[in-house]
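The values are calculated or read from the model by the stated rules, or taken from the named source; none is laboratory data. This one's a predicted model, so the numbers in the text were calculated from it and none came from an experiment. In this analysis, Cβ positions are derived from the backbone assuming ideal geometry, glycine residues included, and neighbour counts consider all displayed protein chains.
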Amino acid sequence: MTFSIGLIGYGQFGAFLHVLAKRYLPDASLKVYAPECSADGDLFCPFEEAAGCDAVILAVPISAYQETLSRVRPHLRPNSVVIDIATVKKHTMDLLQATEPPVQFLSMHPMFGPESYAQRDGDVSGFRIVITGHNTPGNIYSAFCDLLTDAGFSIIETTADAHDKDLAETLFLTHYIGQIVAHGGFERSDIDTVSFGSLMDAVDSVRHDTGLFEDVFRFNPYCRQVVDRFEASDREVRDQMLGLPPPGHKSAPEES
């Protein structure tokens, strides 16, 4: 029988997963459900068809995760595996582990996207995929990991909590700074340094991801701590700069 993959959601990353599935699982039957897309041949299909596949990937916003999982649950087959690819892991894993009756799941976070894939012309060697937990049989999990490593991906196994803490201090911080720079109206110029160009590359990669930015902040408790640390550091540096004497200012001589 043909292995079937159900993809719930067809936004930017969902469409990217479609590209990867065609490349690495060409023999699989792919079914996609997206509210904004009507039925289209063998790809787009009704919700229950996508939710009834062997592997069901939830490519939906974090804020829609709980509702989507509730809708998917009645249509899963006995051996179906729900693939959780959300950017925040503890929240989604808690939802999966609390599902009644229990579902088989694998929680992971690909640390790359369509832009980095395009920049490297499809070379995925070294692209990292973080796996934070699963309850699938050992042979299924091993086969899944082998598929990824054979393709060139690097697997990092960690806990959901450790993932969320690290992500708050890396990806979220990048988004936070990027949104600040974008809202400030800072733009490229004809005399950009290499470092400024790199900064604006980061800004451009996140400036349109406001939905993800807000969801990560809402559902990852470590993000608020990062914002507080950033603001405290910003005040310290700003006060230090504003405390410098103006040009030409001469300090009063010290008393003997």
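Taking segment 206-219 on its own, how many of its residues are in contact (Cβ under 8 Å) with a residue 60 or more places away in the chain, surrounded by 16 or more Cβ atoms within 10 Å (Cβ to Cβ) and either of a type in the set (V, I, T) or farther than 14 Å from L167 by Cα (or both)? Quick ask: steps written out before the conclusion?
Taking segment 206-219 and keeping what is in contact (Cβ under 8 Å) with a residue 60 or more places away in the chain, we get 211-212, 215-216, 218-219.
Cutting the leftovers down to surrounded by 16 or more Cβ atoms within 10 Å (Cβ to Cβ) gives us 212, 215-216, 219.
If we keep only those that are either of a type in the set (V, I, T) or farther than 14 Å from L167 by Cα (or both) as well, we get 216.
Looking only at that region, the number is 1.
Across segment 83-100, which residue is surrounded by the fewest Cβ atoms within 10 Å (Cβ to Cβ) among those that are part of a loop (DSSP other than H, G, I, E, B) and in contact with a helix residue (DSSP H, G or I) (Cβ under 8 Å, 6 or more places away or on another chain)?
The initial filter retains those residues of segment 83-100 that are part of a loop (DSSP other than H, G, I, E, B), namely 85-89, 98-100.
Adding the requirement that they be in contact with a helix residue (DSSP H, G or I) (Cβ under 8 Å, 6 or more places away or on another chain) leaves 85-89, 99.
Values: I85: 20, A86: 23, T87: 25, V88: 26, K89: 27, T99: 15.
The qualifying residue surrounded by the fewest Cβ atoms within 10 Å (Cβ to Cβ) is T99.
Within the bounds of segment 150-166, is there any residue that is over 30 Å from R224 (Cα atoms), out of contact with any Cys (no Cβ under 7 Å at 6 or more places or on another chain) and without any contact (Cβ under 8 Å) to a residue 24 or more places away in the chain?
So in segment 150-166, the residues over 30 Å from R224 (Cα atoms) come out as 150-153.
Subsequent filtering for residues that are out of contact with any Cys (no Cβ under 7 Å at 6 or more places or on another chain) retains 150-153.
Going one step further and asking which of them are without any contact (Cβ under 8 Å) to a residue 24 or more places away in the chain, we end up with 150.
So far as segment 150-166 goes, yes, one or more of its residues are over 30 Å from R224 (Cα atoms), out of contact with any Cys (no Cβ under 7 Å at 6 or more places or on another chain) and without any contact (Cβ under 8 Å) to a residue 24 or more places away in the chain.
What helices (runs of 4 or more DSSP H) lie completely within segment 116-209 and have 2 or more residues being more than 17 Å from K89 (Cβ to Cβ) and acidic (D, E)?
Those helices (runs of 4 or more DSSP H) span 138-151, 194-206.
Per-residue answers, yes or no, for (1) modelled with pLDDT under 95; (2) loosely packed, with under 14 Cβ neighbours inside 10 Å:
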residue: A34; (1), (2): yes, no
residue: C37; (1), (2): yes, yes
residue: D40; (1), (2): yes, yes
residue: A59; (1), (2): no, no
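Here is a list: D146, D166, D161. Which entry is among the charged types (D, E, K, R) and in contact with a Lys or Arg (Cβ under 7 Å, 6 or more places away or on another chain)? Lay out the reasoning, then the answer.
Values: D146 fails: in contact with a Lys or Arg (Cβ under 7 Å, 6 or more places away or on another chain); D166 fails: in contact with a Lys or Arg (Cβ under 7 Å, 6 or more places away or on another chain).
Of D146, D166, D161, the one residue that is among the charged types (D, E, K, R) and in contact with a Lys or Arg (Cβ under 7 Å, 6 or more places away or on another chain) is D161.
Within segment 68-82, track down each residue that is of a type outside the set (S, T, N, Q), surrounded by fewer than 20 Cβ atoms within 10 Å (Cβ to Cβ) and either modelled with pLDDT under 95 or more than 14 Å from Y33 (Cβ to Cβ) (or both).
Step one: filter segment 68-82 for residues of a type outside the set (S, T, N, Q), giving 69, 71-78, 81-82.
Imposing the further condition that a residue be surrounded by fewer than 20 Cβ atoms within 10 Å (Cβ to Cβ) reduces the set to 71, 73-75, 77-78.
Across segment 68-82, the qualifying residues are R73, P74, R77, P78.
Only one residue in S107, S63 is modelled with pLDDT of 95 or more, hydroxyl-bearing (S, T, Y) and part of a helix (DSSP H, G or I). Which one?
Testing whether each residue is modelled with pLDDT of 95 or more, hydroxyl-bearing (S, T, Y) and part of a helix (DSSP H, G or I) leaves just S63.
Of (1) out of contact with any Asp or Glu (no Cβ under 9 Å at 6 or more places or on another chain); (2) of a type outside the set (A, V, I, L, M, F, W, C); (3) not in a loop (DSSP other than H, G, I, E, B), P78 satisfies all except one. Which?
Unmet for P78, out of (1) out of contact with any Asp or Glu (no Cβ under 9 Å at 6 or more places or on another chain); (2) of a type outside the set (A, V, I, L, M, F, W, C); (3) not in a loop (DSSP other than H, G, I, E, B): (3).
Inspect segment 190-198 for any residue being within 20 Å of the chain's Cα centre (by Cα), of a type outside the set (S, T, N, Q) and more than 21 Å from S116 (Cβ to Cβ) and give the result as yes or no. Break it down stepwise before answering.
First pass over segment 190-198, keeping only residues within 20 Å of the chain's Cα centre (by Cα): none.
The answer is no; no qualifying residue exists.
Looking at this structure, is S233 over 22 Å from the mean Cα position of the chain (by Cα), in a helix (DSSP H, G or I) and farther than 28 Å from F112 by Cα?
On the way: over 22 Å from the mean Cα position of the chain (by Cα): yes; in a helix (DSSP H, G or I): yes; farther than 28 Å from F112 by Cα: yes.
So S233 fits the description; yes.
Would you tally the residues in segment 111-142 being of a type in the set (G, A, S) and either surrounded by 12 or more Cβ atoms within 10 Å (Cβ to Cβ) or not assigned by TED's automatic domain parsing to the domain that holds A59 (or both)? Before you say what the answer is, go through the steps one by one.
If we filter segment 111-142 for residues that are of a type in the set (G, A, S), which is where we start, we get 113, 116, 118, 122, 125-126, 133, 138, 142.
So of that shortlist, the ones also either surrounded by 12 or more Cβ atoms within 10 Å (Cβ to Cβ) or not assigned by TED's automatic domain parsing to the domain that holds A59 (or both) come out as 113, 116, 133.
Total meeting the criteria: 3.
I need every pair where a residue in segment 221-243 that is among the basic types (K, R) has its Cβ under 8 Å from the Cβ of a residue that is part of a helix (DSSP H, G or I), sequence separation at least 6 or different chains.
Pairs found: R224/F217.
With the checklist (1) closer than 30 Å to V19 by Cβ; (2) modelled with pLDDT of 95 or more in hand, flag the one item G211 doesn't pass.
The number of the failed condition is (2).
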